[in-house]
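Engineer: Before I ask anything, let me first share the structure, which is written out below as structure tokens.
The values are calculated or read from the model by the stated rules, or taken from the named source; none is laboratory data. None of the values given here were measured: they were computed from a predicted structure. Because the Cβ atoms are built from the backbone with ideal geometry, glycine has one as well, and the counts that use them run over all protein chains shown.
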Amino acid sequence: MADDLLVIIPTRGRPQAVPALVDAWNDTGATADLLFAVDTDDPELAAYKAHAAELKGDGRIRFTFGKRRRLCGTLNQQAIKAAKQYRFLAFMGDDHRPRPAAMPWDARIRECLSGGPGIVYGNDLLMGERMPTAVAMTADIVTALGYMAPPQLVHLCLDLCWLDWGKGMQRITYLDDMVIEHMHPAAGKATEDAGYVEVNSEQQVSADSAAYYDYRDNGGLAADLAKLRKLVEEES
């Protein structure tokens, strides 16, 4: 089905991720659309634009360039737009890489989400079932909530919210054999760069953790789960 699955990748300072992800799409036979969301103040903007020009003929791959909103802000902006067109929406970081399997990862996402509102995630070879560092969901979740992740977050703890949503609506699936590898310094698979230093700083960890606990414990999560449960009821 055309316009069924879009993977949104907010990216900054890592233009080398573009060809690596395109290779991963090709290696896995993926037909999902791929959107790179790039900041216009990115120091590597020229390199991103060069990749965009090179890939212009690939109908699966698009770029968008806009002001910096940080990861959560950029993801929400693009997801809200895309929810009007796509049936399923996914997030990957620019350091995630889907890996080949007997059944392509994007086909498994479609299969798992075809039954109605829900969330699915695979094995990132770092956090595994404990945390959906990359995630896919039905677009009606984004439409119902008005965002793909709580907007008070900046970069961290989005995955905790997705886990809360999926468990709370009893519509979450973990696929251990669907590998979307997280090439993260914590796994020894990347070196620290300015982006990792910024988002893993004590200040950012503290701010996003506080925002998550406030969302979880002071009514935000409860309000969102009420909307999501209603969505499930309407679809059943």
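Engineer: Suppose we filter segment 165-185 for residues that are surrounded by fewer than 18 Cβ atoms within 10 Å (Cβ to Cβ), closer than 19 Å to GLY219 by Cβ and either acidic (Asp, Glu) or touching a helix residue (DSSP H, G or I) at 6+ places or on another chain (Cβ under 6 Å) (or both); how many remain?
Structural biologist: Number satisfying all stated conditions: 1.
Engineer: If you don't mind, another one. Could you list, ordered by first residue, the pairs with Cβ atoms under 7 Å in which the first is in segment 215-231 and more than 11 Å from LEU145 (Cα to Cα) and the second is exposed (fewer than 15 other Cβ atoms within 10 Å of the Cβ) and among the polar types (S, T, N, Q), at least 6 apart or interchain?
Structural biologist: none
Engineer: Any idea which of VAL120, VAL205 is at pLDDT 95 or above, among the β-branched types (Val, Ile, Thr) and in a helix (DSSP H, G or I)?
Structural biologist: VAL205
Engineer: Name every residue in segment 31-58 that is surrounded by fewer than 22 Cβ atoms within 10 Å (Cβ to Cβ), part of a loop (DSSP other than H, G, I, E, B) and either polar (S, T, N, Q) or touching a residue at least 12 places away in the same chain (Cβ under 8 Å) (or both), in order of residue number.
Structural biologist: Once the filter is applied, which keeps residues that are surrounded by fewer than 22 Cβ atoms within 10 Å (Cβ to Cβ), part of a loop (DSSP other than H, G, I, E, B) and either polar (S, T, N, Q) or touching a residue at least 12 places away in the same chain (Cβ under 8 Å) (or both), segment 31-58 yields THR31, THR40, ASP41, ASP42, PRO43, GLU44, LEU55, ASP58.
Engineer: Does ALA107 satisfy being hydrophobic (A, V, I, L, M, F, W, C) and out of contact with any strand residue (DSSP E or B) (no Cβ under 9 Å at 6 or more places or on another chain)? Outline the logic, then answer.
Structural biologist: Numbers: hydrophobic (A, V, I, L, M, F, W, C): yes; out of contact with any strand residue (DSSP E or B) (no Cβ under 9 Å at 6 or more places or on another chain): yes.
Yes, satisfied.
Engineer: How many residues, within segment 87-99, are over 24 Å from ALA187 (Cα atoms) and surrounded by 22 or more Cβ atoms within 10 Å (Cβ to Cβ)? Walk me through it before giving the result.
Structural biologist: In the first step, residues of segment 87-99 are kept if they are over 24 Å from ALA187 (Cα atoms); the result is 87-89.
The next check asks that each one be surrounded by 22 or more Cβ atoms within 10 Å (Cβ to Cβ); those that pass are 88-89.
So the answer is 2.
Engineer: Sort out for me the strands (runs of 3 or more DSSP E) sitting completely within segment 60-113 that have 1 or more residues that are modelled with pLDDT of 95 or more and touching a Phe, Trp or Tyr at 6+ places or on another chain (Cβ under 8 Å).
Structural biologist: Answer list for segment 60-113: 61-66, 96-98.
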